[in-house]
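The values are calculated or read from the model by the stated rules, or taken from the named source; none is laboratory data. Keep in mind it's a predicted model, so treat the numbers as computed, not measured. So basically every Cβ, Gly included, is an ideal-geometry build from the backbone, and we count neighbours across all protein chains shown.
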Ligand code: PBG
């Protein structure tokens with residue numbers, strides 16, 4: 001019996017009925033976040049026994065190869081299925097065209113081999129873009145007028161993807177936003193016999209200020225200009241579908257929206273457009289904002305992390321690349 005009385009205005013519909021107990025709330029919950037949804041981006045650098053925290057990304061580290069492998073064994077034990085690998089390339093290895101990116105003995109290639117040997121079950125996703133390897137920090141080859149050249153860049157990206165596949169990468173992830181690169185990479189992988197290496201395409205990648213902390217992590221900020229001639233304008237939504245459609249036609253296995261939090265509408269549009277799995281990248285700036293507020297005691301960190309990642313799933317993401325992956329795995333254990 002309720003203390004309220006039946007009156008002519010008594011509502012018939014009471015949505016609160018289904019919210020009254022935790023059991024009911026669990027039963028009618030529409031979206032569930034699980035560790036299976038998460039991909040953990042990790043940073044590798046040269047050296048031995050090194051672990052250096054990234055100032056603008058508290059709780060994230062650049063690891064030397066040996067310690068990275070130990071850490072990956074740990075995150076694998078926590079149930080994380082996949083990592084996305086990003087290299088910190090020493091300045092002396094960088095050049096104008098990023099040739100180090102396809103060195104068979106390069107840092108990325110050595111790291112893939114070491115991970116596959118030590119933790120064979122974890123899925124290794126490798127980044128295909130020139131910015132960690134170029135002196136100027138752009139994702140493409142630059143001409144004398146500062147113009148980013150598309151097709152010559154794609155040629156290098158194909159070499160890079162094939163060399164990562166040779167080293168044992170399970171999935172290559174072009175994050176550069178050059179036109180036609182997904183198709184060229186697919187053809188290059190197939191020609192080399194890597195029919196089963198998957199492509200996770202950064203399809204709708206926006207020119208975003210939310211990447212700031214990541215560029216600190218890799219020392220990869222562009223030395224001149226910005227990335228607006230290749231990454232998308234934050235104001236555009238239909239264009240995301242155009243990019244996604246092209247990447248699907250070119251052979252992408254999974255499409256991605258990046259960043260995630262300020263682009264939940266784009267995740268939803270892409271989810272409604274395609275039957276492919278959709279990934280979202282909860283980027284470094286999104287991570288840094290939560291960490292900074294939490295360190296100040298202004299928000300409840302754990303609850304905000306789960307709410308934020310759940311919003312991405314609710315928007316339609318099947319997979320989320322997030323620096324919170326390890327913390328979330330520990331929370332959901
Ligand atoms: C570069 C790349 C970037 C990120 C992933 N790959 C930065 C950029 O495009 O400048 C950003 C990731 C993050 O901010 O967490 N190809």
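Remarks
- Hey, residue 182 within 15 Å of the ligand (Cβ to nearest atom) and over 19 Å from residue 288 (Cβ atoms) or not: yes
- Condition check for residue 297: more than 20 Å from the chain's Cα centre (by Cα), modelled with pLDDT under 95 and either surrounded by fewer than 21 Cβ atoms within 10 Å (Cβ to Cβ) or assigned to a loop (DSSP other than H, G, I, E, B) (or both): no
- Top-ranked residue in the range 92-107 [being within 20 Å of residue 217 (Cα to Cα) and in contact (Cβ under 8 Å) with a residue 24 or more places away in the chain; ranked as surrounded by the fewest Cβ atoms within 10 Å (Cβ to Cβ)]: 95
- Filtered by the rule that a residue be outside any helix (DSSP H, G or I) and surrounded by fewer than 16 Cβ atoms within 10 Å (Cβ to Cβ), the range 205-221 gives 207, 219, 221.
- For residue 34, the criteria (1) surrounded by 12 or more Cβ atoms within 10 Å (Cβ to Cβ); (2) under 17 Å from the mean Cα position of the chain (by Cα) hold in every case but one, which is (1).
- Test: residue in the range 220-239 that is over 26 Å from residue 308 (Cα atoms), in contact (Cβ under 8 Å) with a residue 12 or more places away in the chain, more than 11 Å from the ligand (Cβ to nearest atom) and within 17 Å of the chain's Cα centre (by Cα): no
- The single condition from (1) in contact (Cβ under 8 Å) with a residue 60 or more places away in the chain; (2) more than 8 Å from the ligand (Cβ to nearest atom) that residue 213 fails is (2).
- As a summary of the residue check, residue 146 satisfies the conditions (1) on the phi > 0 side of the Ramachandran plot; (2) outside any loop (DSSP other than H, G, I, E, B) except for the one numbered (2).
- Of the listed requirements (1) outside any helix (DSSP H, G or I); (2) more than 14 Å from the ligand (Cβ to nearest atom), residue 173 misses just one: (2).
- The range 263-291, subset assigned to a helix (DSSP H, G or I), in contact with a strand residue (DSSP E or B) (Cβ under 8 Å, 6 or more places away or on another chain) and within 15 Å of the ligand (Cβ to nearest atom), residue nearest to residue 314 (Cα to Cα): 263
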